[in-house]
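**Student:** The structure that follows is given in the form of structure tokens.
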Amino acid sequence: MTKNVKSRRAKGRKRSFGWVFGLLLIVLIALAVLRLGKLDLGFLHKEQWNLTLVNSYNAVPDDWKVELTELKNGEKVDSRIYPYLQEMFDDCRSDGLLPIVKSSYRTAEDQQKIFDEKTAEFAAAGYSGDDAREQANKWAAKPGYSEHQLGLAVDIDSEDLSVCSNEAVWEWMEAHCAEYGFILRYPPDKEDVTGCSYEPWHFRYVGEEAAKAIMDRGITLEEYLAGQKK
Ligand SMILES: [Zn+2]
């Protein structure tokens with residue numbers, strides 16, 4: 001009798017151990033999935049090309065294909081953003097300013113050259129090896145990690161400084177870019193989120209809906225995408 005009760009109790013204990021173990025496993029799997037999701041927000045590009053995230057942690061997707069449209073000055077952009085860029089520039093000109101696309105689509109080779117030049121500048125200023133590369137990375141992305149390789153980003157300046165300053169163009173762009181689906185991609189005080197220093201000239205196409213949400217709330221593409229995942 002006593003023996004039977006004991007063995008039944010032992011069986012019960014074994015069963016509850018199974019439950020605890022199963023629950024623990026489910027919690028661990030859920031945590032792993034959440035953690036992975038946090039690291040890789042770039043998955044969104046599969047459905048929404050305009051929200052493709054490229055930064056120091058998210059490379060240009062391997063399967064990224066770009067069809068380019070050439071601007072009058074020889075710079076090229078993704079054909080899908082060309083009409084919006086054109087409209088933005090036309091309206092900016094109507095307001096008496098003279099914007100120009102200084103730099104847009106870049107190949108991995110173009111980006112390598114820019115990164116090497118920036119690294120050389122820091123090396124010449126006394127930084128050694130890894131330090132020079134680390135400093136350069138704050139100003140120029142490593143090849144494979146530049147938004148310019150998507151064809152969705154443009155660096156904008158004044159075409160003629162006797163007509164208007166760069167600052168006047170940047171100010172207009174910051175105020176109006178969202179109406180055309182563009183955002184100021186590297187705002188001041190967001191270096192810890194974007195991994196990039198303030199670049200008043202760099203604008204990125206994300207589409208009107210996302211652009212308005214991002215610019216109205218003064219957030220970054222990273223923060224917008226993280227919010228969408230919740
Ligand atoms: Zn840029």
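Read the figures in this text as sums done on the coordinates, not as results from a lab. Only a predicted model underlies this, so the values are computations on that prediction, with no experimental measurement involved. Virtual Cβ from ideal backbone geometry, glycine too; neighbours counted across all protein chains shown.
**Student:** Treating the beta-carbon of each Lys and Arg as +1 and of each Asp and Glu as -1, no other charges, what is the dipole magnitude of segment 156-230 about its Cα centre, to the nearest 20 debye?
**Tutor:** Dipole of segment 156-230, to the nearest 20 debye: 460 debye.
**Student:** Charges on Cβ only, +1 for Lys and Arg, -1 for Asp and Glu, centred on the Cα centroid of segment 146-230; of Ile219, Tyr198, His148, which one is farthest towards the dipole's positive end?
**Tutor:** Going by the charge dipole, the pick is Ile219.
**Student:** Anything over 27 Å Cα to Cα? Flag those among Lys76/Lys229; Lys72/Lys190; Lys65/Lys229; Lys102/Lys190; Lys118/Lys212; Lys76/Lys142, in the order listed.
**Tutor:** Lys76/Lys229; Lys72/Lys190; Lys118/Lys212
**Student:** Compute the signed sum of charges (Lys and Arg +1, Asp and Glu -1) over the other residues within less than 11 Å, Cβ to Cβ, of Asp157.
**Tutor:** Neighbourhood net charge equals -3.
**Student:** Also: Can you tell me, using C-alpha contacts under 8 Å and at least 6 residues apart, the relative contact order of segment 44-118 as a whole percent?
**Tutor:** Reported as a whole number, the value is 19 percent.
**Student:** Taking the highest mean first, how do the peptides 145-156, 89-100, 60-71, 177-188 order by number of other beta carbon atoms within 10 angstrom per residue?
**Tutor:** Answer by packing, highest mean first, reads 145-156, 177-188, 89-100, 60-71.
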